[in-house]
Amino acid sequence: MALSTHDTHADILVAGAGAAGLSAALALAQAGFSVICVGHVDRRANGRTVALFEASLRFYKSLDIWRRFRGKTAAIEKIRMIDATGSRFPAPPASFAASEIGLAAFGENIENDVLVDGLAELAAAHPNLVLHEGMLDDIRFEPEAVSAALANGHRVSAKLVVAADGRGSLARTKAGISARSWTYPQVALTALLSHEKPHRQISTEFHTRSGPCTLVPLRPLPDRPHRSSLVWLMSADDAERRRALGLVALADEIERQTDRIAGRIEVEDSCGFFPMAGMSVSHLFRHRIALIGEAAHVFPPLAAQGLNLSLRDIAALVETVEDARALCLDIGGLEALAGYAKARRGDISLRTNGIDILNRSLLSNLLPIDVLRGAGFFAFSLIGPLRRAVMREGVLTHGTLPRLMQERERPRRTSSSRGPKPCDEANRPV
Ligand SMILES: Cc1cc2nc3c(=O)[nH]c(=O)nc-3n(C[C@H](O)[C@H](O)[C@H](O)COP(=O)(O)OP(=O)(O)OC[C@H]3O[C@@H](n4cnc5c(N)ncnc54)[C@H](O)[C@@H]3O)c2cc1C
């Protein structure tokens, strides 16, 4: 659907049309809210993929979205970690199998541009959703509504804005929510690779002094049966040097860094280079705004947590606003949104801090830190219950998962089977 008038009203305005914004828009539209999603859809291939774990797959499956991506993903059944720091106390190699926690796979890997493009197509076709591929110029918060000006002159008003407009979020700034940002001396090089040997559905992480260098299984193509994606964290100087290399020379360096476990490697075109940063925010909500995705948290792509965390934000937010509606509460009001922050704060802080510590422990040359890291990995490898708890935490997280991520057999509800659910008058607060 396209915006047809200059002034449009919806229940919810989603700012940002990246993977998080589009997923939120679809989930909220599916829940029966009228949604306008505004943002630039970036369909450029940049060698970047996302590994989506079990809870995220359940989320997309319950919304009946995942079948759109059938045949475009590769399963990750095992994760292998290899200490390549050169430390005097190296961590022993560790290998984790999804079968140990009763899963066929930890998750699936998909090209970021394929995911975003597919979500945008679904969003454009959804009857409760207007996708506007442009930018927001301004947002104003008023007692009864939030109103936004689009770059093309349209105005939109809504009861709630979901800020999914990335790390520099305009919506967050306009709401007066402060963010603390920091940088790491690293750049992530991303690339899609074809290689000689099969990956056997194993994702392999080499932990180097500049960060992990990870090969993640990627779907085969008719003429390229063995493919992986690469996320390689390195110093800014190394990234500059490698950016200038030809694809053959770059493939040689990747082969050496990955101990030639994949055999001969060919770099398919269009690599990406992403400077590493972190960010946390003072509040996850204010009157008429809730923050999700990289508008709410940023950290380096260690252990593939970013979008997985964002989808948990979205699943929790959908539950919050659905419950608020059933109780006849204002979905943009503080009373309704407080539950969202309560549900998300712990998970977000655990991932942001945990990844910060793991990343800095690799960058550090201090012997006691090497010893601690080695001992930690040793314990994870050998102590069964701890090992399984760590694996579960990575793909499902502790505590009760939001409804959209709970295990179920069939898609939960579709837009056709599930109309808007008005508030139940019996629940209206007096
Ligand atoms: C190298 C790398 C590898 C990664 N691997 C994984 C992985 O394996 N698994 C995983 O879970 N995560 C991974 N991540 C993290 C994941 O990719 C991000 O969390 C996710 O893409 C961020 O999505 P987002 O929608 O929150 O933000 P963004 O993708 O930044 O989207 C923000 C959107 O907001 C729009 N916007 C900005 N300003 C405005 C405005 N004024 N008006 C309207 N729109 C606006 C932008 O145009 C954009 O569309 C990885 C990240 C990197 C860098």
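Measure out, as a whole number of angstrom, how far apart the alpha-carbon centroids of the stretch 309-364 and the stretch 197-262 sit. So the separation of the two Cα centres works out to 33 Å.
When peptides 116-126, 243-253 are sorted by average Cβ neighbour count within 10 Å, with the highest value leading, the order is 116-126, 243-253.
The 3J(HN,Hα) values that the Karplus relation (6.51, -1.76, 1.60; θ = phi - 60°) gives for the stretch 175-189 are, in residue order, 7, x, 8, 8, 10, 10, 10, 8, 10, 10, x, 9, 10, 9, 9 Hz. Gly and Pro appear as x.
Taken one residue at a time, the phi angles of the stretch 18-27 give Karplus couplings (6.51, -1.76, 1.60, θ = phi - 60°) of x, 4, 5, x, 5, 5, 5, 4, 5, 5 Hz. Gly and Pro are set to x.
Dipole magnitude for the chain: computed about the Cα centre from +1 point charges on Lys and Arg Cβ and -1 point charges on Asp and Glu Cβ, it is near 760 debye.
Scan the stretch 146-244 for GluC sites (Glu not before Pro) in coil per DSSP, keeping those whose Cβ has at most 16 other Cβ atoms within 10 Å, and list them by number.
Numbers: sites: Glu196, Glu205, Glu240; in loops: Glu196.
For GluC sites (Glu not before Pro) across the stretch 146-244 that sit outside H, G, I, E and B with at most 16 neighbouring Cβ atoms in 10 Å, the list reads Glu196.
Only Cα pairs under 8 Å and 6+ residues apart enter the sum, and on that basis the relative contact order of the stretch 191-245 stands at 37 percent.
Placing unit charges on the Cβ atoms of the charged side chains and taking the dipole of the stretch 185-275 about its Cα centre, the candidate lying farthest along the positive direction among Gly246, His199, Leu189 is His199. Taking amide H as placed 1.01 Å from N in the peptide plane, Leu131 has its amide H under 5 Å from the amide H of Cys37, each at least 5 places away in sequence or on another chain.
Between Arg200 and Leu372, what FRET efficiency follows from the Cβ-Cβ distance if R0 is 35 Å, with the result rounded to 0.05? It would help to have the intermediate numbers written out before the result.
Working: r = 32 Å, r/R0 = 0.90.
After rounding, the FRET efficiency stands at 0.65.
Taking the chain as a whole, the Cys residues whose C-beta sits 4.7 Å or farther from every other Cys C-beta are Cys37, Cys213, Cys271. Solvent-accessible area per residue in the stretch 157-269 equals 43 Å², computed with a 1.4 angstrom probe and all protein chains kept.
Solvent-accessible area per residue for the stretch 1-155 at a 1.4 Å probe radius, Å²? Don't skip to the end; give the middle numbers.
Numbers: 6040 Å² over 155 residues.
Per-residue value: 39 Å².
Taking the Cα atoms only, what angle lies between the long axis of helix 384-395 and the longest principal axis of the chain, rounded to 10 degrees? With both axes taken from Cα atoms, the answer is about 50 degrees. Extension gain, Arg260-Arg140: 0.36 nm per intervening residue step, less the Cα-Cα distance, totals 37.7 nm.
Helical content of the chain, expressed as a calculated mean residue ellipticity at 222 nm, amounts to -10500 deg cm²/dmol (DSSP H runs of 4 or more residues, -39,500 (n - 2.57) each, divided by residue number, nearest 500). The label point for Leu386 and the one for Arg44, both projected 7 Å from the Cα toward the Cβ, are 4.4 nm apart. Multiplying the residue separation of Thr400 and Arg155 by 0.36 nm and removing their Cα-Cα distance gives an extension gain of 84.3 nm.
Ligands, DNA and RNA left out, the 1.4 Å accessible surface of the chain is 55% carbon and sulfur atoms. Once you put a point 7 Å from the Cα of Cys423 and another 7 Å from the Cα of Arg67, both along the Cβ direction, what distance in nm separates them? Placing both labels 7 Å along Cα→Cβ, they lie 3.6 nm apart. Given R₀ = 22 Å, what would the calculated FRET efficiency be for Asp117 paired with Leu247, taking r from the Cβ atoms and rounding to 0.05? Taking R0 as 22 Å, the efficiency between Asp117 and Leu247 is 0.35. Label-to-label distance, Thr183 versus Leu334, with points set 7 angstrom from Cα along the beta-carbon direction: 3.7 nm.
Excluding same-chain neighbours fewer than eight residues apart, the aspartates and glutamates reachable from Lys72 by a Cα-Cα span under 19 Å are Asp42, Glu54, Asp64, Glu108, Glu111, Asp113, Asp117, Glu121, Asp223, Glu268, Asp269. Take every Cα pair under 8 Å whose residues are at least 6 apart in sequence, average their separation, divide by the length of the stretch 253-308, and the relative contact order is 26 percent.
Is there a quick way to get the dipole size of the stretch 185-275? I mean about its Cα centre, with the Cβ of Lys and Arg at +1 and of Asp and Glu at -1; what is the value in debye to the nearest 20? Intermediate values should be presented prior to the final figure.
Working: 12 positive and 13 negative charges, 49 e Å.
Approximately 240 debye in magnitude.
May I ask for the distance between the Cα centers of the stretch 394-409 and the stretch 8-22, given as a whole number of Å? Measuring centre to centre over Cα atoms gives 24 Å.
Once you list every other residue whose beta carbon is under 12 Å from the beta carbon of Ala191, what net charge do they have if Lys and Arg are +1 and Asp and Glu are -1? Result for the local shell: -1.
Counting only protein chains, not ligands or nucleic acids, how are Thr400, Thr214 ordered by accessible area (probe 1.4 Å), most first? Could you put the intermediate results ahead of the total?
Working: Thr400 130, Thr214 20 Å².
Largest accessible area first, the residues go Thr400, Thr214.
Take the Cα of Arg224, go 7 Å toward its beta carbon, and the backbone nitrogen atoms of the stretch 41-58 under 20 Å from that spot belong to 43-52. Note on the chain: dipole from Cβ charges, positive end direction compared against Pro385, Ala338, Leu129; the farthest Cα belongs to Pro385.
The values are calculated or read from the model by the stated rules, or taken from the named source; none is laboratory data. Since we're looking at a predicted model, the values are computed, not measured. Ideal geometry is used to build each Cβ from the backbone, glycine not excepted, and the neighbour counts take in all protein chains shown. The area values use the complete protein model at the heavy-atom level, side chains included, leaving out ligands, DNA and RNA. Shrake-Rupley method; radii C 1.70, N 1.55, O 1.52, S 1.80 Å.
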